[in-house]
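Have a look at the structure below, then the notes.
The values are calculated or read from the model by the stated rules, or taken from the named source; none is laboratory data. All values reported here derive from a predicted model rather than from experimental measurement. Neighbour counts are summed over all protein chains in view; Cβ atoms, including those assigned to glycine, are modelled from backbone coordinates with ideal geometry. In case anyone asks, the SASA skips ligands and DNA or RNA and just uses the protein heavy atoms, side chains included. Shrake-Rupley method; radii C 1.70, N 1.55, O 1.52, S 1.80 Å.
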Amino acid sequence: MLGSYSEDAALKAYPKCETVPCDEFEDAFKAVELWLAEKAVLPIENSSGGSIHRNYDLLLRHRLHIVGEVQLPVNLCLLALPGVRIEQLKRVLSHPQALAVSDIFLCKLGVPRENVDDTGFAAQYVASNGLRDAAAVASIRAAEVYGLNVLAEKIQDDSDNITRFLVLARDPIIPRTDKPFKATFLFHPYNLELLYVPSRVPSFEYNISSFQTSIVFTLEEGPGILFKALAVFALRDINLTKIESRPQRKRPLRVVDDSNTGAARYFDYLFYIDFEASMAEPRAQNALGHLQVWFLVFNYAYFGCCYAIDF
């Protein structure tokens, strides 16, 4: 959406690009898949609000390649039509996460909050409908695009608020040598063999210590299974930078019958892990090879592609 933080991130990554607004996150994935756009720029994590799980789900579903990451400082502003004073407001519109990370300010404001799909859309909706009793939480750029006034700046709870955006494309890229990189790879769900290998890979030098790898997997029920999976990294001095769990949508519940008293029902989880190592490093290869020893406990494994951080 014009005036959204995703557009700001796209312009930071590609200053001369022509942006194409999408109503929903999945529309951006489809636009790239259908050759309507070259790349998609989508938020994946906020330093205050945490992960944006919807886009994690879409990454698994659509299989686009990650070709870049942009880290964008977020300056959330309260926007309204010209002449509207803050005491006139009866409601505030924005994306749920923007509202959540502005909780302290909005609680003091004391008006109802309404969720919309995008911060840019919130600003557009207030402007196009001439709403003099409503404000939007959005960016300064959104105020410029839609002719709104800035009633307050930096209303987020934490002044140092950063959002990570992923740049997605149909094809992977060969990394440059002058930037740090994260690396993710796509593996077959039934074994740990690399599915995608570029037909022509030019020689290049890189600092493998600046790579990171991201994986998503599920585990069968059992005592110590997750501990064993994580231990393969600790045993090789591989630092984990992120780990979280999320109920698996297609199989939310698992039935376990391990006693004479009947079956127990547990949530079935996806585990997200980021670790600091390149797939070119033997220790990373050995770690994933070690996981293969226990592969019968893995229902699914996902790895993506190499991408530059904040390019």
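Being among the polar types (S, T, N, Q), modelled with pLDDT under 55 and outside any loop (DSSP other than H, G, I, E, B), is that true of even one residue in the stretch 260-282? No, that holds for no residue.
How about the stretch 42-62: which of its residues are over 10 Å from the mean Cα position of the chain (by Cα) and surrounded by 15 or more Cβ atoms within 10 Å (Cβ to Cβ)? Walk me through how you get there before you give the answer.
First, pick out the residues of the stretch 42-62 that are over 10 Å from the mean Cα position of the chain (by Cα): 47-49, 60-62.
Scanning the stretch 42-62 gives SER47, SER48, GLY49, HIS62.
For (1) open to solvent by 10 Å² or more (accessible area, probe 1.4 Å); (2) touching a residue at least 60 places away in the same chain (Cβ under 8 Å); (3) of a type outside the set (S, T, N, Q); (4) on the phi > 0 side of the Ramachandran plot, each residue gets a yes or a no:
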{"residue": "VAL74", "(1), (2), (3), (4)": "yes, yes, yes, no"}
{"residue": "GLU87", "(1), (2), (3), (4)": "yes, no, yes, no"}
{"residue": "CYS107", "(1), (2), (3), (4)": "yes, no, yes, no"}
{"residue": "ASP117", "(1), (2), (3), (4)": "yes, yes, yes, no"}
{"residue": "GLN124", "(1), (2), (3), (4)": "yes, yes, no, no"}
{"residue": "ALA127", "(1), (2), (3), (4)": "yes, no, yes, no"}
{"residue": "ALA135", "(1), (2), (3), (4)": "no, no, yes, no"}
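Under the condition of being open to solvent by 10 Å² or more (accessible area, probe 1.4 Å), at pLDDT 95 or above and not in a helix (DSSP H, G or I), the residues counted in the stretch 91-105 number 1.
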